[in-house]
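Reviewing the structure listed below.
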Amino acid sequence: MERRKFIQTVGTAAAVTPILGSFSAIASNSVGSSEHTFPELPYAYDALEPYIDAQTMELHYSKHHKGYFTKFMAEAEGTDLMDTPMEKIFASISKQSVGIRNNGGGYYNHTLYWENMTPKHTAIPSKLKEALDKNFGSVDAFKEQFGKAAKTHFGSGWAWLIVDKNGKLQVTDTLNQDNPLMDVVSVNGTPLLAIDVWEHAYYLKYQNKRADYVDNFWNIVNWDVVNHRLSKA
Ligand code: MN
């Protein structure tokens, strides 16, 4: 490998590791059980300015996300859910209470959302770009489809890029705190990219202009994390 290429490759790997690494490293100091933790934010509240404002981030993380986690843990306390991975719980969520579904989803979905954003510009890794080109025609066509799902989703919920069990990438959206891992939704798959379209995610800055929040989301997507999720799926 030529030296320049080697430095670029190592540089890319080094850029990914602290983000994913710090998430689990700090999580060991966080509230939770062996299976469930309330994670630290991977960046400061104001890190995603001007696209997401600091006050929204602080309320969203310390009140909304923390609230879902706390309520989930309170309901899971004393049951085998405490030691069950969320992905396994979601696979038969239809057998659980509405509290576990809503708060477990809220806990899990926000962790994915924080993780798939970054203040640092990231380029789309070539393997991910190939997958987007193959499944959507182009990166722009993917962004158009994902953006449309996020902008037009009626009411509270989430839009997703997922990879299904056949390896096909799809855009989907879910109600409330449901996600594509749950057996109650129509399109199942592993989440690669999540955007929260509840009003609490954008209303302080954008008011009724959800479309502007969604368009600005592309400035802060952590493509390395999306690529990493695809490689693990
Ligand atoms: Mn939210």
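Give me the pairs: first residue in the stretch 190-209 and under 14 Å from residue 155 (Cβ atoms), second residue part of a loop (DSSP other than H, G, I, E, B) and within 15 Å of the ligand (Cβ to nearest atom), beta-carbon distance under 6 Å, and six or more apart or on different chains, which are they?
Once the first residue is under 14 Å from residue 155 (Cβ atoms) and sits in the stretch 190-209, its partners that are part of a loop (DSSP other than H, G, I, E, B) and within 15 Å of the ligand (Cβ to nearest atom) give 197/153; 198/156.
Just one of the numbered conditions (1) at pLDDT below 95; (2) surrounded by fewer than 17 Cβ atoms within 10 Å (Cβ to Cβ) is not true of residue 148; which one?
So residue 148 meets the others, but not (1).
For residue 109, work out the one condition from (1) out of contact with any strand residue (DSSP E or B) (no Cβ under 7 Å at 6 or more places or on another chain); (2) within 14 Å of the ligand (Cβ to nearest atom); (3) within 17 Å of residue 194 (Cβ to Cβ) it doesn't fulfil.
(1)
With the structure loaded, tell me whether residue 104 is touching a helix residue (DSSP H, G or I) at 6+ places or on another chain (Cβ under 6 Å), small (Gly, Ala, Ser), in contact (Cβ under 8 Å) with a residue 12 or more places away in the chain and within 16 Å of the ligand (Cβ to nearest atom) or whether it fails that test.
Here the answer is yes, as residue 104 does meet what is asked.
Of the numbered conditions (1) in a helix (DSSP H, G or I); (2) surrounded by 19 or more Cβ atoms within 10 Å (Cβ to Cβ); (3) touching a Lys or Arg at 6+ places or on another chain (Cβ under 6 Å); (4) of a type in the set (A, V, I, L, M, F, W, C), residue 211 satisfies every one except a single condition; which is it?
(2)
Provide a single number: the residues in the stretch 143-196 that are within 16 Å of the ligand (Cβ to nearest atom), among the aliphatic types (A, V, I, L, M) and touching a helix residue (DSSP H, G or I) at 6+ places or on another chain (Cβ under 9 Å). Reasoning before the result, please.
Just the residues of the stretch 143-196 that are within 16 Å of the ligand (Cβ to nearest atom), to begin with: 150, 153, 155-160, 173-179, 191, 193-196.
Restricting the remaining residues to those that are among the aliphatic types (A, V, I, L, M) gives 150, 159, 175, 193-195.
Still in the list and also touching a helix residue (DSSP H, G or I) at 6+ places or on another chain (Cβ under 9 Å): 150, 159, 193-195.
Of the residues in the stretch 143-196, 5 are within 16 Å of the ligand (Cβ to nearest atom), among the aliphatic types (A, V, I, L, M) and touching a helix residue (DSSP H, G or I) at 6+ places or on another chain (Cβ under 9 Å).
Looking at (1) at pLDDT below 95; (2) in contact with a His (Cβ under 9 Å, 6 or more places away or on another chain), can you tell me which one residue 110 breaks?
So the condition that residue 110 fails would be (1).
Just checking, does the stretch 165-178 include any residue being out of contact with any Phe, Trp or Tyr (no Cβ under 9 Å at 6 or more places or on another chain) and in a helix (DSSP H, G or I)?
First pass over the stretch 165-178, keeping only residues out of contact with any Phe, Trp or Tyr (no Cβ under 9 Å at 6 or more places or on another chain): 165-168.
Keeping just the survivors that are in a helix (DSSP H, G or I) gives none.
No, the stretch 165-178 has no match at all.
The values are calculated or read from the model by the stated rules, or taken from the named source; none is laboratory data. All values derive from a computational prediction rather than experimental measurement. Cβ coordinates were reconstructed from backbone atoms using ideal geometry, including for glycine residues, and neighbour counts include every protein chain displayed.
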